[in-house]
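Inspection log for the structure reproduced underneath, given as structure tokens.
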Amino acid sequence: MKNIFSFIIIAVLLLSYSCSDVLDEQPRSEITPEFFSTKQGIEKGLSSVYSQLRWIYGPAGMMYLAVGGTDEATYGDNKDGYGLDLDAYNINSGNGGLPTVWNNTFPAINTCNAIIEKGSEAGVDAALIAEAKFFRAFNYFLLVTTFGDAPLDLGSGELMFNTTPSRLSSRNSVEDVYTKTILPDLEAAVSELPATPRVTSATNKIAAQHFLAKAYLTYAWWLERNGKTDPNGKTTAEYFQLAYDVAINAIKTPAPFGLQATFWDVNVASNDYNSEILFCADHTSTDYVYDESTSNSWGANASDNLKSNRSNFVMASDFELAVNGNKFIYRQAVQDLGRPWRLLVPTHEVFTKTFPAVDREIDTRFNGTFVTVFRSNYQGREAYNGTILTGMNNINILDGDTVFYFPATDVDKNKLLLESTGKFGYYSNKAYGVWTPSMITRHNYPSVWKFGPYRDDHLPDGALKNDASSRPFPIAKLSETYLIAAEAAVKGANTQAGYSARDLVNVIRKRAGMPNNGGAMVTATPAIITIDYILMERSRELYAENLRWYDLTRTGKLEEYAKTYTMCEAYSFEAKSYTRPIEKKHYLRPIPAGQFDNLDNSDEEKTNYQNPGY
């Protein structure tokens, strides 16, 4: 298919190797088949595969696909059409978010095919070829968990480097994709990759163990839920056991990786590339060309600027609202503030079920995920003229004072006065606006803090206020490895002493406890760990990290968790319950319409190519 499987020329931005400890980016306009006959070509082709991650991790498309439409989030009042349709499960093959995964995995897969096929004869080190195996498996894993069956033949034979444009295609079964490439490639990567990455943010043995364990786990769930038979003859119990064993091996010998001391340490912008991040989509703030973004992420080339990390925009609330007719907060390149895009908003259930108020007294993960107090910065502007502005009740609000506040409970809701425009409530003796959990709207809500920007220009309303994030986007964390092992244990894997599901969960929960109070978190952990408990721990630990839809579809819990949610519309305090029409077909996404535009397959073959129900 010309639009997907023609790879004779691949336009990429390459990363070259240097003596530094990070990937040094160098632009190149194209790669030809002959390019892979040299060691330099193989190395640069591999670097292009890393660059490909930016198409998927960080842009809004993946957050719509994996976060919106779940219990973690619904659409904000600034949503666009395809985000609204994804959230409402009004999904067809023309949805603009689907190519985020489909279109952006196959070029990387084909480059990996070339590296694996030609690397040895080009004199490339086996560990670099193992990186290509990791990425081929990683991309196919993303494909099968999103779309189900996936083509292994891109035009030149199964898992072969494609050098001939093809307009014919057929999809291999999920079982074939797992047993022919995902599992063997990851097994090889575990065996052949070094534990210490060759450069910062490169893949490694521990990341390979993480994804191998997750692939075993997900494949076992797939076989179990769909009544499928494994071509290798293994049972689901054997795969759950393999998932546990591989994850435990990574947990026991994770060096040079390790859990951070606190949950805050994992996500604070000044600590990017910390030891808990096993794998990420890299970015750089030193050069917009090498970062493949525009200087303000919305410039003249914005239509082509689809690799910018805009995660810091997507779930940012409108903190610029006027209070008593005055504007106190201006956009700023700091982690608490940014560009308030309002594409997605946490559901009310995030604040009442995922992070209930009673748990917030001992669990730091809510405050390490969201901004709940927005503070004045107007006096730090270059344009500030010295005037002191007043908030509600004509009380002065100085620099750093609270302007908006999201309390943990609705206890004092009846004491609130409603601002005349219906935008927020306030107390009779306070200067700031308030939204209790049941008042959160599609316009105003606690912003997601963990993705917030980190720049050198911190001036309120400064030049970088609307920039996309130059931070890496986390794809795999060691904390998730613990939860993968715990999930496999819940599914029946035989556990090792000290590594039961509860033991594993409690390592994460103890770390998340308030300072010197991790014991309270352990005490609060139930004696019996269930899949439901694992799912809620995953959301608390990994909120909005492009995992939730995959978690719910893997475990067969999509309807149970995502079918209903509660929300207030913008500028309304009336909480309403909404129902999404989730069906069995929604456990897979439809193949994008663009895939069919260039197919020369028969009409019957095209019909069968699409997932059932679409």
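Quick note: the coordinates plus some simple rules give every number you see, no bench work behind them. Remember, predicted model here, so these are calculated numbers, not experimental data. Here Cβ is always computed from backbone atoms with ideal geometry, including for glycine, and neighbour counts include all displayed protein chains.
Taking the longest Cα principal axis of the chain as reference, the axis of helix 39-52 is set at about 40 degrees. Modelled this way, with points 7 Å down the Cα-to-C-beta line, the labels at Met160 and Asp410 are 6.3 nm from one another. The listed peptides 184-196, 126-138, 260-272, ordered by packing as a protection proxy, come out as 126-138, 184-196, 260-272 (highest mean of other Cβ atoms within 10 Å first). If a/c stays under 1.5 just call it rounded; otherwise compare a/b with b/c (prolate if a/b is bigger, oblate if not). Do that for region 305-465, with a ≥ b ≥ c from the square roots of the Cα gyration tensor eigenvalues. Oblate, since a/c reaches 1.5 and b/c is not below a/b.
Take the Cα of Ala463, step 7 Å along the line toward its Cβ, and report every residue of region 330-347 whose backbone nitrogen sits under 15 Å from that point. Label zone hits: 333. Can you give the angle from 0 to 90° between the axis of helix 478-490 and the longest principal axis of the chain, with both taken from C-alpha atoms, to the nearest 10? Helix 478-490 and the main axis of the chain meet at about 70 degrees. Spatially, region 51-92 and region 453-504 are offset by 19 Å when compared through their Cα centroids.
With the cut-off at 1.5 for a/c, could you classify region 127-247 from its C-alpha gyration tensor as rounded, prolate or oblate? It comes out oblate by the Cα gyration axes. Here the simple spin-label model places points 7 Å from the Cα toward Cβ, and for Asn517 and Met536 these points are separated by 1.9 nm. One equal scatterer on each Cα of region 530-601, no solvent, Debye formula: the resulting log10 I(q)/I(0) at q = 0.23, 0.28 Å⁻¹ is -1.07, -1.21. When you count the other C-beta atoms within 10 angstrom of each residue and take the mean per peptide, 494-503, 381-390, 207-216 line up highest first as 207-216, 494-503, 381-390. Of Lys307/Lys450; Lys79/Lys606; Lys44/Lys118; Lys118/Lys228; Lys118/Lys205, which pairs sit farther than 24 Å apart, going by alpha carbon to alpha carbon? Lys79/Lys606; Lys118/Lys228, as the Cα separations exceed 24 Å there. To the nearest ten degrees, helix 236-252 and the longest principal axis of the Cα atoms of the chain are 70 degrees apart. State whether region 479-614 is rounded, prolate or oblate according to the following rule on the C-alpha gyration tensor (a ≥ b ≥ c being the square roots of its eigenvalues): a/c under 1.5 gives rounded; otherwise a/b larger than b/c gives prolate, and the remaining case gives oblate. Oblate shape, in that a/c is at least 1.5 and b/c is the bigger or equal ratio.
Across region 305-465, the relative contact order, built from alpha-carbon pairs under 8 Å that are at least six residues apart, equals 35 percent.
Model label sites at Tyr571 and Asp80, defined 7 Å from Cα along the beta-carbon direction, differ in position by 2.5 nm.
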